[in-house]
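Colleague: Take a look at the following structure, please.
Values quoted throughout were computed directly from the atomic coordinates according to the rules given, and no laboratory measurement underlies them. In this text, all values refer to a predicted model and were calculated from it rather than measured experimentally. Cβ coordinates were reconstructed from backbone atoms using ideal geometry, including for glycine residues, and neighbour counts include every protein chain displayed.
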Amino acid sequence: MGESTLSRRGKRREKWIKHYSSSHKILLVGEGDFSFSSCLARSFGCALNMVATSLHSEEMLPLKHWTSVAHIEELKSLGCTILHNVDVKDMHEHDTLKTMRFDRIVYNFPHAGYFLHLSETHRELIRRHKELVKAFFTSASKMLSKHGEIHVSHRDDHPYVKWELEKLANEVDLVLIEKAEFQKSDYPGYHHKRGDGRRSNKSFPLKECFTFKFSTSN
Ligand SMILES: C[S@@+](CC[C@H](N)C(=O)[O-])C[C@H]1O[C@@H](n2cnc3c(N)ncnc32)[C@H](O)[C@@H]1O
């Protein structure tokens, strides 16, 4: 850590990137190539406050995202905890995570997967997306610190608006506290990934995207 990140009293200076502070305890889930986590960690200059996770095993991830290798190396060098095989549906029961509480839990562009026979407008695929997000909300709400927030970045145009994020959150006693425009350029080095299928490492169009912020209603 460079001296420039220390205040005169020797304390680490708080650094912000968009909604995220170096003093937040941050859990990132459903990461693609870990470039979003890397972007935050680089901005903070230290990632001891971050846990970054993927659904995929250590062996499988580079096959889906060859770009993940360098990002994970960088994250580890900055002190980030990296976890594989973390399913957002039951992460509150994960051995390492179950005793931890977070100020921010971040899932960028949740998606239940690509299926040849199911287009994004297909009712069955929308049902799978909703099931994934609702289970994520349920699990994440058990892992929040006092005043903690769950952030989901998502497209808000057709057919993605049919996922009804706010309604799903309300069903598990979460409330929408803000819907902030999502601009990829706010996160230098972030490469959003499809994360599934033959084109896992490719991107997808970002239209009408927002970061939906939720907190517990009590
Ligand atoms: C559209 S990609 C977005 C990836 C990444 N968040 C980004 O912004 O580039 C959706 C991600 O959700 C992850 N995912 C799907 N189901 C999941 C689950 N049950 N638990 C954790 N991650 C999941 C996939 O592995 C994939 O990486």
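Colleague: What whole-number volume per residue, in cubic angstrom, does the convex hull of the C-alpha atoms of the chain give?
Modeller: Taking only Cα atoms, the chain has a hull volume of 124 Å³ per residue.
Colleague: Additional query: Considering only Cα-Cα distances, which of the following residue pairs are longer than 19 Å: LYS25/LYS146; LYS130/LYS167; LYS18/LYS184; LYS162/LYS207; LYS130/LYS162; LYS193/LYS213?
Modeller: Table pairs above 19 Å Cα-Cα are LYS193/LYS213.
Colleague: Using θ = phi - 60° and the Karplus curve 6.51 cos²θ - 1.76 cosθ + 1.60, what whole-Hz ³J(HN,Hα) does each residue of the range 51-60 get, with Gly and Pro shown as x?
Modeller: So the Karplus estimates, Gly and Pro as x, are 10, 10, 9, 9, 5, 8, 6, 4, 6, 6 Hz.
Colleague: Let me ask something else about it. Along the Cα→Cβ direction, 7 angstrom out, place labels at LYS15 and PHE115. What is the inter-label distance in nm?
Modeller: Between LYS15 and PHE115, the label points sit 4.3 nm apart.
Colleague: Ranked highest first by the average count of other Cβ atoms within 10 Å around their residues, in what order do 27-36, 161-170, 42-51, 203-212 fall?
Modeller: Ranking, from highest mean packing down: 27-36, 42-51, 161-170, 203-212.
Colleague: Turning to a different aspect of this structure: Taking θ = phi - 60°, what integer Hz values does the Karplus form 6.51 cos²θ - 1.76 cosθ + 1.60 yield along the range 101-106, in sequence order, with x for Gly and Pro?
Modeller: Values, residue by residue: 10, 10, 7, 9, 10, 10 Hz.
Colleague: Applying the Karplus parametrisation 6.51 cos²θ - 1.76 cosθ + 1.60 with θ = phi - 60° to the phi angles of the range 128-145, what ³J(HN,Hα) value in whole Hz is obtained for each residue in order, glycine and proline being reported as x?
Modeller: Ordered by residue, 3J(HN,Hα) equals 5, 4, 5, 4, 4, 5, 5, 5, 4, 4, 4, 5, 4, 5, 8, 10, 7, 7 Hz.
Colleague: What is the gain in length, in nm to one decimal, between ASP196 and VAL161 on full extension, counting 0.36 nm per residue of separation less the C-alpha to C-alpha distance?
Modeller: Between ASP196 and VAL161, full extension yields an extra 10.5 nm.
Colleague: Let me ask something additional. Only counting other Cβ atoms within 10 Å, I'd like MET143, MET91, MET100 sorted with the fewest neighbours first.
Modeller: Lowest to highest Cβ neighbour count: MET100, MET143, MET91.
Colleague: Considering only DSSP beta bridges where both residues belong to the range 17-216, give the percentage that are antiparallel (nearest 5).
Modeller: 50
Colleague: How high is the relative contact order of the chain, in percent, counting Cα pairs under 8 Å that sit 6 or more residues apart?
Modeller: RCO, the chain: 21 percent.
Colleague: What is the set of long-range amide H partners of SER23 at a cut-off below 5 Å, with H atoms built 1.01 Å from backbone N?
Modeller: Placed amide hydrogens put LYS15 under 5 Å from SER23.
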